[in-house]
Structure formats: structure tokens, C-alpha cells
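These notes concern the structure reproduced below.
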Amino acid sequence: MRKRRLSVFLNHKLQQSKLSTLMVTCFIAFNLLLVSVIVWLAYQSFSAVTFTEISKARLALLNESTRRGFDFITGVTGTAYSLASNRELSSLLETKGTGRLTQIHQRREVSKILDHTVVVSEGITSVELYTDAFNGVTVTMADRIYSVDTIAGDSWFAALEHADAAWVPLRENESGQSLIGYAQRIFDSRVVR
């Protein structure tokens with residue numbers, strides 16, 4: 001009887017143990033499912049907020065870059081119009097009937113105007129003037145004034161004959177990057193055509 005009682009007792013404990021194991025397993029599985037749902041919901045809400053914020057930041061950066069680009073373009077064209085409408089510059093470019101010494105002085109004054117323009121114009125690193133007004137003058141110092149023959153062979157030069165201004169491709173610089181420039185024709189309002 002003792003054996004039987006011991007056997008019944010062990011059977012009972014074993015069944016309780018199986019029931020406990022099943023309950024613990026169910027409890028762990030339910031908690032894992034609950035934690036998984038919470039993590040998934042947190043991930044979804046966090047990723048939605050993050051995606052929205054990243055999209056807003058990218059849009060703001062794109063808008064700022066576009067604004068800076070337009071501001072730069074406006075600055076370049078404004079500088080070109082300022083030079084093209086500068087009466088002093090136009091009068092200095094009129095060299096017919098003047099002596100060589102006067103032309104040297106005029107060339108230096110034009111160079112000063114161009115240097116000053118580069119200094120006061122934000123973002124502009126170079127202003128070059130192409131003219132045949134000073135072809136008879138020997139260049140005594142490095143400046144930003146070149147002969148029209150320098151660019152006459154460029155593909156865009158012929159198109160500039162029919163326009164007042166144009167954005168033009170420039171030769172590659174030392175780093176191999178292609179650049180663009182803005183070409184503005186200077187007209188003398190005193191000349192009747």
C-alpha cells in the first residue's frame with residue numbers, strides 16, 4: 001500500500017508538474033507575444049516619425065540649396081548688369097583716337113574696376129573682360145582683360161552675337177571640374193547703330 005500511495009503521490013506530482021510547465025510555457029509565450037506587439041508598434045510609430053522628420057529636413061535642405069542657387073545666380077547677373085551699365089567702364093573702353101600712354105592708363109583703370117567688383121561681390125571669384133580696345137597696348141602686369149580673339153573660337157561665342165547675355169561653359173580648371181560662366185555684352189548707349 002505504501003508503494004501504491006507513493007506511486008499515486010508521484011503520479012499526482014508529475015501531473016501537477018506537467019500542468020505547471022504548461023502554464024509557465026503559456027505565460028512566457030503570452031508575454032513574448034505581448035512584448036513583440038509592443039516592440040512592433042513602437043517601431044512603426046518611431047519609423048513613421050523618423051521618416052517624416054528626415055523628409056522635412058531633406059526638403060528644408062533642398063529649399064535652402066535652391067534659394068542659395070537662385071541668390072547666387074541673381075548676384076552674378078546683377079554684377080554683370082552693374083558692369084555693363086557702368087558709364088565709367090564704357091568710357092574707359094573707348095580708346096579710338098587716344099595715345100598708347102592713355103590706353104595703358106585706361107587699361108589699369110578698367111583692371112581696378114574689375115578687381116573692385118570681385119572684392120565686393122559675394123561668391124564671385126573671377127571677372128574677366130574680353131575686348132579689342134587694348135590690343136595695341138603691351139600688357140605690363142597680369143590683369144583680367146583679354147583679347148576677344150581668346151574666346152572667338154569657343155562654341156558659345158557665335159550665339160552671344162545674337163544675345164545680350166548667356167550662361168556659357170568654361171574650360172576645365174586644374175582639378176578637372178567643368179565650370180560655367182556668365183557672359184554679358186557691354187553696349188555703349190552713346191553709339192547709334
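The values are calculated or read from the model by the stated rules, or taken from the named source; none is laboratory data. All values derive from a computational prediction rather than experimental measurement. Methodologically, a virtual Cβ is constructed for each residue, glycine included, from the backbone with ideal geometry; neighbour enumeration extends over all protein chains shown. Areas reflect the complete protein model, heavy atoms only, side chains present, ligands, DNA and RNA absent. Shrake-Rupley method; radii C 1.70, N 1.55, O 1.52, S 1.80 Å.
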Taking only C-alpha positions in region 22-99, Rg and Dmax in angstrom work out to 33.1, 112
Taking the highest mean first, how do the peptides 123-135, 94-106, 24-36 order by number of other beta carbon atoms within 10 angstrom per residue?
123-135, 94-106, 24-36
With a 1.4 angstrom probe the carbon and sulfur portion of accessible area for region 111-161, in percent, totals 54
Share of carbon and sulfur in the accessible heavy-atom surface of region 44-107 [1.4 Å probe, %]:
63
Region 35-188, accessible area per residue, ligands and nucleic acids excluded (1.4 Å, Å²):
69
Diffusion coefficient in µm²/s returned for region 34-193 by Stokes-Einstein, Kirkwood Rh over C-alpha pairs, 20 °C and 1.002 mPa s, is 110
